[in-house]
Amino acid sequence: MIVEAQVTINGSRAAIWAVITNIENAAELISGIEKVEVLEKPAHGLVGLRWRETRMLFGKPATAEKWITDAAENEFYTTRAEDRGFVFLATLGISESRGGMTLTSSHVSKPQGIAARVMSIPMGLLFKGVAKKALLQDLSDIKSAVERR
């Protein structure tokens with residue numbers, strides 16, 4: 001399952017990058033995040049940064065361990081998380097557009113194994129709408145944080 005959303009932000013690439021890479025303080029900037037606990041920091045750059053993130057999902061706290069697998073400064077980063085037979089890949093990317101800068105969030109859920117594939121069909125239908133709404137809210141919160149600067 002793939003879910004994507006984007007928002008146009010009136011701000012520089014560097015300002016957007018500063019907000020989206022401020023993972024330690026993401027709970028203060030993004031309303032959907034309850035708590036962030038950094039587990040590992042790389043010596044240089046973002047790749048290898050690992051954290052535990054808690055969000056409210058279906059009215060209950062849900063915690064996922066995430067880590068950055070790929071990044072290009074001021075362009076994008078990709079995270080990976082694994083849970084209940086699924087691999088979740090998420091990319092935040094910055095690009096130029098007519099009205100300013102565009103921030104795109106793309107999430108891919110990959111079932112691993114037969115049980116996860118069977119579960120992915122009904123869960124995908126339910127989860128896709130919830131995920132899209134959460135992505136749009138996260139992007140709106142990031143936009144607000146950048147434009148307040």
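Given the Cα-Cα distance of Ala81 and Ser31 and 0.36 nm per residue of separation, how much length would full extension add, in nm? Could you put the intermediate results ahead of the total?
Working: separation 50, 0.36 × 50 = 18.00 nm, distance 2.02 nm.
Stretched fully, the Ala81-Ser31 segment lengthens by 16.0 nm.
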Exercise for review: Starting from the amide H of Ile30, placed 1.01 Å from N in the peptide plane, find each other amide H under 5 Å away whose residue is 5 or more places distant or on another chain.
Suggested key: none
Check your understanding: Which of Val108, Ala43, Ala14 sits farthest toward the positive end of the charge dipole of the chain, with +1 on the Cβ of Lys and Arg and -1 on the Cβ of Asp and Glu?
Key -> Val108
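Give me the accessible area per residue for the chain, probe 1.4 Å, as a whole number in Å². Intermediate results must be reported in sequence, preceding the final value.
Working: 8840 Å² over 149 residues.
Heavy-atom SASA per residue in the chain reads 59 Å².
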Check your understanding: Can you pull the three principal axis extents for the Cα set of the chain, in Å, largest first?
Key -> 45, 35, 27
Review point. For segment 48-64, what does the Karplus curve 6.51 cos²θ - 1.76 cosθ + 1.60, with θ = phi - 60°, yield as ³J(HN,Hα) per residue in whole Hz, taken in order and with x for Gly and Pro?
Key: x, 4, 10, 8, 10, 10, 10, 10, 8, 9, 6, x, 10, x, 10, 10, 10
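Gain in length, Thr8 to Gln112, computed as 0.36 nm per residue apart minus the alpha-carbon separation, to one decimal in nm? Intermediate results must be reported in sequence, preceding the final value.
Details: separation 104, 0.36 × 104 = 37.44 nm, distance 3.42 nm.
So the chain would gain 34.0 nm between Thr8 and Gln112.
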Review point. How much net charge surrounds Arg52 when only other residues with a Cβ under 15 Å from its Cβ are counted (Lys, Arg +1; Asp, Glu -1)?
Key: -2
Revision key, fill the gap. Interchain or sequence-distant (5+) residues whose placed amide H lies within less than 5 Å of the amide H of Leu57 are Ala62
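The values are calculated or read from the model by the stated rules, or taken from the named source; none is laboratory data. Source: prediction; values computed, not measured. A quick note on method: Cβ atoms are made from the backbone with ideal geometry, for glycine too, and the neighbour counts reach across all protein chains shown. Heads up: the accessible areas ignore ligands, DNA and RNA and are worked out on the full protein's heavy atoms, side chains in. Shrake-Rupley method; radii C 1.70, N 1.55, O 1.52, S 1.80 Å.
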